[in-house]
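Everything below concerns the one structure shown next.
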Amino acid sequence: MIAAGRTRWTLVALAFAAALAACASRPAEHFYTVSAERSVPDPGAAAQRIVVSPIVIPALIDRPQLVVRTGGHEIAVLENHRWAESLSVDLTRALVNDLRQLRPESDIVAAGAPQSHGSEQILDVVITELLSGPGPSVSLRASWELHDRARDCVNQESFRAAILTPAGYGAIPAAYAEAMSRLAEAIAKTTPERLTCAGK
C-alpha cells in the first residue's frame with residue numbers, strides 16, 4: 001500500500017512538472033499599438049474640418065501579426081508579436097493624432113465622426129509600403145489626396161521615408177509611429193488652409 005501511494009504521488013508530481021515545463025516552453029505573446037493618446041486644444045466650431053478616411057494598407061501587412069522582410073524575396077510573419085487591433089485603424093488614429101498636434105487650428109477627425117455644418121475636406125491616404133527590414137530600418141511609401149466631397153478640387157502628393165530602427169521586434173511599433181509622424185509632417189506642410197482649385 002505504501003509503495004502504491006508513493007507511485008501515485010510520483011505520477012502526480014511528474015504530471016505537474018510536465019505541465020509547468022509546457023507552460024515555460026511556450027513563447028510569450030506580445031501585443032502592440034502604433035497610436036498614443038494625446039491631448040490637443042479644441043479648435044473651435046469655426047475651424048476648417050479635415051476628415052481622414054481609413055488608411056489603405058498593403059495586403060502583405062494587413063494581418064494581426066507583425067511582418068518583417070528578412071531578404072530580397074522573403075518575409076517572416078511573427079506569430080508571437082501581434083497588433084492589438086486592426087493595423088489600418090491604428091495607423092489612422094496615429095495619423096489623426098499627429099495632424100491634430102501639427103494643425104491645432106484645424107478640426108481634424110477620423111471618418112465616422114458627426115458631420116459639421118460647414119465645408120469639409122477629405123483626406124485619403126494610401127500606404128503602398130510599410131515594412132521593417134532587411135536591416136535596421138522601416139521603409140514607408142505613401143500617397144494622399146485632399147479633396148472636397150464633390151471632388152471638384154483635388155490635391156495629390158506622395159511621400160517616402162526610411163526610419164532607422166533599433167534591434168528587436170519591440171522597436172517596430174515605435175518605428176511605425178515615427179513613420180506616421182513624418183507622413184503627418186509632410187501632409188501638414190503641403191495641405192493648404194482651405195482647399196483651392198486652379199482658376200477659382
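The values are calculated or read from the model by the stated rules, or taken from the named source; none is laboratory data. All values reported here derive from a predicted model rather than from experimental measurement. Here the Cβ is made from the backbone with ideal geometry for all residues, glycine too, and neighbour counts use every protein chain on show.
When region 151-165 is examined, which residues are found to be surrounded by fewer than 16 Cβ atoms within 10 Å (Cβ to Cβ) and under 10 Å from Val138 (Cα atoms)?
Ala162, Leu164
In this structure, is Val126 surrounded by 18 or more Cβ atoms within 10 Å (Cβ to Cβ) and either under 16 Å from the mean Cα position of the chain (by Cα) or among the aromatic types (Phe, Trp, Tyr) (or both)?
no
Scan region 38-61 for residues that are exposed (fewer than 14 other Cβ atoms within 10 Å of the Cβ) and either modelled with pLDDT of 75 or more or at positive phi (or both) and jot them down.
Answer for region 38-61, where residues must be exposed (fewer than 14 other Cβ atoms within 10 Å of the Cβ) and either modelled with pLDDT of 75 or more or at positive phi (or both): Gly44, Ala59, Leu60.
Which residue pairs have Cβ atoms under 7 Å apart, sit 6 or more places apart or on different chains, and have a first residue in region 71-82 that is free of Cβ contacts under 8 Å to residues at least 12 places away in the same chain and a second that is surrounded by 14 or more Cβ atoms within 10 Å (Cβ to Cβ) and part of a strand (DSSP E or B)?
Correct list of pairs: Ala76/Val68.
Of the conditions (1) among the small types (Gly, Ala, Ser); (2) under 30 Å from His30 (Cα atoms); (3) surrounded by fewer than 20 Cβ atoms within 10 Å (Cβ to Cβ), Ser106 fails just one. Which one is it?
(2)
Among the listed residues Ser139, Ser143, identify the single one that is farther than 16 Å from Val52 by Cα, free of Cβ contacts under 8 Å to residues at least 40 places away in the same chain and among the polar types (S, T, N, Q).
So the residue among Ser139, Ser143 that is farther than 16 Å from Val52 by Cα, free of Cβ contacts under 8 Å to residues at least 40 places away in the same chain and among the polar types (S, T, N, Q) is Ser139.
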